[in-house]
Amino acid sequence: QVQLVESGGGLVQAGGSLRLSCAPSGITFSRDAIAWYRQAPGKQRDWVATISSIDNSNYADSVKGRFTIFRDNAEKLVYLQMTSLKPEDTAVYYCYARISGISYWGKGTLVTVSS
């Protein structure tokens, strides 16, 4: 059974940093791409970043240059390092994987950026 568990959210001041973690289970970690999405209050869920099995990464324009996605294949974790945080980054952040045509989501971790 595929499970994705996020952690690392919290309250941070604008300009600060946070590192989110995603711990997937039930997947072939080294083979599958993992993505982060976020959903701000009252808004749709938006894509943030993706890292492929060969460590190619892509970012939404809104986070490019501030966020970094990377994976630790030994620990089987995917991280989202967030710097220069802005109040508009406030959202629930979700880990996502698509395995054999099925989408899997974690339960999310809340990031709140105060001004």
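Listing for the model above:
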item	result
Extension gain, I99 back to E75 (0.36 nm per residue minus Cα-Cα distance, nm)	6.6 nm
The chain, accessible surface, carbon-and-sulfur percent (1.4 angstrom probe)	47 percent
Evaluated at q = 0.18 Å⁻¹: base-10 log I(q)/I(0), Debye formula over Cα of the chain	-0.84
Average accessible surface area per residue within the chain, 1.4 Å rolling probe, Å²	54 Å²
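The values are calculated or read from the model by the stated rules, or taken from the named source; none is laboratory data. For clarity, every value in this text was computed on a predicted model and none was experimentally measured. Ligands, DNA and RNA are excluded from the accessible area calculation, which covers all protein heavy atoms including side chains. Shrake-Rupley method; radii C 1.70, N 1.55, O 1.52, S 1.80 Å.
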